1. Show me 58-69, 118-129, 8-19 ranked by packing, highest mean number of other Cβ atoms within 10 Å first.
2. Classify region 81-128 as rounded, prolate or oblate from the Cα gyration tensor: take a ≥ b ≥ c as the square roots of its eigenvalues, call it rounded if a/c is under 1.5, otherwise prolate when a/b beats b/c and oblate if not.
3. Indicate the gyration tensor shape class of region 152-250 (rounded, prolate or oblate), computed on the Cα atoms with a ≥ b ≥ c the square roots of the eigenvalues: a/c under 1.5 is rounded; otherwise a/b larger than b/c is prolate and the rest oblate.
4. What is the percent carbon and sulfur in the accessible area of the chain, measuring with a 1.4 Å probe over the protein chains and ignoring ligands?
5. What does the net charge come to around GLY123 if you take all other residues with beta carbon closer than 14 Å to its beta carbon, with K and R at +1 and D and E at -1?
6. So which aspartates and glutamates pass the test for LYS228, namely a Cα distance under 18 Å, with those fewer than 8 places away in the same chain ruled out?
7. Which of THR220, THR104, THR204 ends up with the largest GNM mean-square fluctuation for the chain, with Cα atoms connected below 10 Å?
8. How far, in nm, would the chain grow between SER233 and ALA188 when pulled straight, counting 0.36 nm per residue and subtracting the alpha carbon separation?
Amino acid sequence: MDHNGNATALFLDSGQYTADSILDYELVYGKAFVSPGGKACADDLIQKMPLDAGDLVLDAGCGLGGSAFLMASKFGLRVDAIDLSENMIALAQDRLRELGYPKTIQLKQADCLQIDAEQKYNGIYSRDVFLHIPEKQKLFSVLHRALKLKGQLLFTDYCCASPPWDETFSAYVEKRGYDLQTVADYSALIEQAGFQVIEALDRTEDFINFSEQELARIETLNATPSVKKHLASDWLAKIQRARDGNQRWGQFLAIKITE
Ligand SMILES: C[S@@+](CC[C@H](N)C(=O)[O-])C[C@H]1O[C@@H](n2cnc3c(N)ncnc32)[C@H](O)[C@@H]1O
């Protein structure tokens with residue numbers, strides 16, 4: 001990992017993804033998931049990728065490995081699952097062990113920007129990861145190189161409305177260190193990298209629905225009152241940002257059409 005990768009890993013591991021906060025997120029999203037909609041949403045999205053059993057997929061920013069496990073166990077895919085956060089990878093090792101650790105999953109700590117594979121993958125899947133990566137052109141060029149011709153790229157991500165943003169949203173994005181795109185800007189970036197965009201969807205309404213279900217789950221959690229209180233406050237703020245319109249949630253499917 002290069003110097004920047006190390007610095008970013010440290011930023012993630014000591015900020016948004018401390019071991020405790022990962023475990024809190026997992027309570028809400030469900031076992032081995034740290035992204036909107038949890039397992040049910042992951043299952044729907046994996047099915048959108050026209051892949052055959054035995055195909056090799058990269059899960060870029062795999063988190064706790066829930067999607068990688070689903071891809072391997074339900075869809076018979078081989079998965080290279082990478083994540084930059086040391087805390088995430090350590091917990092993902094535990095989760096995969098608990099789930100029976102299919103031999104078809106290779107889990108390792110790595111930076112999406114440092115993938116040096118060429119024409120290796122039939123598909124690349126990524127859930128709510130790219131918001132952490134400001135170097136979007138480099139990112140899509142690396143992913144493009146790693147895919148086989150006609151390979152599929154499927155990802156979801158936190159997105160935004162075109163600026164100007166309200167103060168609350170600007171402060172939130174700054175505090176988290178996110179780099180957010182509009183759905184239209186993401187489409188343009190993917191196309192510039194040599195993909196044909198099959199789908200670029202603003203799924204903010206679904207994001208709000210998922211978040212409301214997750215908020216209802218928080219009430220029922222077997223957690224301390226203070227954990228439940230801070231999770232509920234995070235989720236209420238997230239729902240409000242999405243309702244106010246600055247925070248969006250995008251889903252993208254693209255196919256590699258140039259060498
Ligand atoms: C919101 S979590 C989603 C995790 C997982 N995709 C899921 O659906 O449960 C975002 C993940 O992106 C990872 N991440 C951030 N920047 C990364 C990078 N440059 N390379 C690899 N992973 C990264 C974080 O460590 C974190 O695990």
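1. So the peptides 58-69, 118-129, 8-19, ranked by packing, come out 58-69, 118-129, 8-19.
2. Because a/c hits 1.5 or more and a/b fails to exceed b/c, region 81-128 counts as oblate.
3. Judged from the Cα gyration tensor, region 152-250 comes out prolate (a/c at least 1.5, a/b above b/c).
4. Answer for the chain is 50 percent, counting heavy atoms of protein chains only.
5. +3
6. ASP20, ASP24, GLU26, GLU212, GLU214, GLU219
7. Looking only at THR220, THR104, THR204, the biggest GNM fluctuation is shown by THR220.
8. Gain on stretching SER233 to ALA188: 12.7 nm.
The values are calculated or read from the model by the stated rules, or taken from the named source; none is laboratory data. None of these values were measured; they are calculated from a predicted model. Cβ sites come from the backbone with ideal geometry, for glycine too, and all protein chains shown count toward neighbours. Ligands, DNA and RNA are stripped out before the accessible areas are found, and what is left, the full protein with its side chains, is counted by its heavy atoms. Shrake-Rupley method; radii C 1.70, N 1.55, O 1.52, S 1.80 Å.
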